[in-house]
Structures are given as structure tokens and as C-alpha cells.
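A.B. asks: Supplied in C-alpha cells, the structure appears directly below.
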Amino acid sequence: MTSASHAPTARASSSPLRPTQPTALALAILAFLAVAAFCVVGAAVAVPPSLVNLSSATSDGTTPYALQAGGAEVDVVVPAGWIVRRESERMITVTTPDGVMTARVDLVDENSDAVVSGHPDLASHVRSEVLPSGREVVHADAAGGAVVAAVGVLGRALSPSVRVVATADPSSMSDYRPALAQLLEGVGS
């Protein structure tokens, strides 16, 4: 009988390579930090618009928004469907339903002519018109696609007045002039 020599042989390991405990802990910490960073960035992006939405309302087209300053008060009826955000007692910000045009509407203690002509960066001459309501509006184009307008609270260009600064992309502002006229018609309603 021949005896086979049984030399010790190396055994193949049947278990996969496992990281050491310090390596596993470091990977877990890195994964946690990555998830936490993702959550922080997501919250920084999502929370501010959500907070703005909490302080805004959609206009029904009939409810007036009162602006008050220096003992004067005027109501503004914002067109239906527009988003209205109260900034202070004297100011609201409104946005068209499609979000393209935004207007800051505030009560100021200046006459309409001074409000518009004193605005920086005017790009056109100051013009005045009479709205269908009989109130006078003074307006001019400003740089960057903005329109500056003012409506006298007393129905004429005397102090105080409601200043409206509407902005949109310069290429589309002309399309929003009828919407701006609707907003101006709601001043003092």
C-alpha cells in the first residue's frame, strides 16, 4: 500500500472579505453625513418658498386688501386668481396666476407724478391716463422690463398715492399690460 503523503494544504476561506470594525464605522459615519447633507440642502431649497406660500393667498377678485400709511387708507381689489402676499400694513406683493409678472403695490405719501418721475432708471417718458373708473394713473417704463405706475388715492394725482412697480421678463412685459391695467383698476375699489 502506498500511502499518500498528506501534507498540510492551505484552506480557501469560504467567507467574503469583511471590513474591520473601524472601517465599517467610518463608512457608516460617511453615509450618515451624506444623508444629513442631502437633507440640509433639500430643506434649504424647499423651506423658504413654502414659508412664502404660508403667508400668501389667492385673490377671489372681490375681497379688498387694505393699505394703510400715515392715517391714509385705500383698498385694492386684486384680480381673481392672482397670488397676494402681505408685506406690511402699507404694502402687498401680487403675482399673476402664471407667475410671470410680479408687482409691488404700496401706499406712499407722495403725489403720483412725483412717485413715477422720481423712480430711478426710467426708460420712457412719464404718461398719464384716466382709468375707466375715472381715477388718473401716471406711468412709465423702467429699465429691465419694469413698469412704474401710481394712482392717486383721491381719484387724482394728489398725495397720497398707490405705487405699483410691476416686473416681468422684458420680452413678455408688453403681453402683461392688460393684466397690469386690471390691477390698477382695482386701486381704490
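The values are calculated or read from the model by the stated rules, or taken from the named source; none is laboratory data. Source: prediction; values computed, not measured. All Cβ positions, glycine included, derive from the backbone under ideal geometry; neighbour counts span all protein chains shown.
A.B. asks: Among the residues of the range 55-79, write down those that are under 26 Å from residue 169 (Cβ atoms) and not in a strand (DSSP E or B).
C.D. replies: 55, 59, 61, 78, 79, listed by residue number.
A.B. asks: Please verify whether the range 13-29 includes one or more residues that are assigned to a helix (DSSP H, G or I), over 25 Å from residue 187 (Cβ atoms) and modelled with pLDDT of 85 or more.
C.D. replies: Yes, the range 13-29 contains at least one residue that is assigned to a helix (DSSP H, G or I), over 25 Å from residue 187 (Cβ atoms) and modelled with pLDDT of 85 or more.
A.B. asks: Just to be sure I understand the filter: pairs with C-beta atoms under 7 Å, separated by 6 or more residues or on different chains, first member in the range 74-91 and of a type in the set (Phe, Trp, Tyr), second member not in a loop (DSSP other than H, G, I, E, B). Which pairs pass?
C.D. replies: 82/94; 82/95
A.B. asks: Could we say that residue 52 is modelled with pLDDT under 60 and surrounded by 10 or more Cβ atoms within 10 Å (Cβ to Cβ) here?
C.D. replies: Yes, satisfied.
A.B. asks: For residue 169, are the conditions met, namely being touching a residue at least 12 places away in the same chain (Cβ under 8 Å) and either under 18 Å from residue 70 (Cβ atoms) or outside any loop (DSSP other than H, G, I, E, B) (or both)?
C.D. replies: Taking the combined requirement at face value, the residue does not satisfy it.
A.B. asks: Could I ask something else about it? Over 13 Å from residue 165 (Cα atoms) and in contact with a helix residue (DSSP H, G or I) (Cβ under 9 Å, 6 or more places away or on another chain) - does that describe any residue in the range 97-114?
C.D. replies: yes
A.B. asks: Okay, moving on. Just wondering, is there one or more residues in the range 116-133 that are surrounded by fewer than 16 Cβ atoms within 10 Å (Cβ to Cβ), at positive phi and either touching a residue at least 12 places away in the same chain (Cβ under 8 Å) or more than 25 Å from the chain's Cα centre (by Cα) (or both)?
C.D. replies: Yes, because at least one residue in the range 116-133 is surrounded by fewer than 16 Cβ atoms within 10 Å (Cβ to Cβ), at positive phi and either touching a residue at least 12 places away in the same chain (Cβ under 8 Å) or more than 25 Å from the chain's Cα centre (by Cα) (or both).
A.B. asks: Is it the case, given these coordinates, that residue 180 is surrounded by fewer than 17 Cβ atoms within 10 Å (Cβ to Cβ) and touching a helix residue (DSSP H, G or I) at 6+ places or on another chain (Cβ under 9 Å)?
C.D. replies: Judged against the criteria, residue 180 is not a match.
A.B. asks: So if I check each of 69, 103, which one is modelled with pLDDT under 90 and within 25 Å of residue 129 (Cβ to Cβ)?
C.D. replies: Going through 69, 103 in turn, just one is modelled with pLDDT under 90 and within 25 Å of residue 129 (Cβ to Cβ): 69.
A.B. asks: Would you please name the residue that is nearest to the chain's Cα centre (by Cα), looking only at residues in the range 80-109 that are surrounded by fewer than 17 Cβ atoms within 10 Å (Cβ to Cβ) and part of a loop (DSSP other than H, G, I, E, B)?
C.D. replies: Here the answer is 99.
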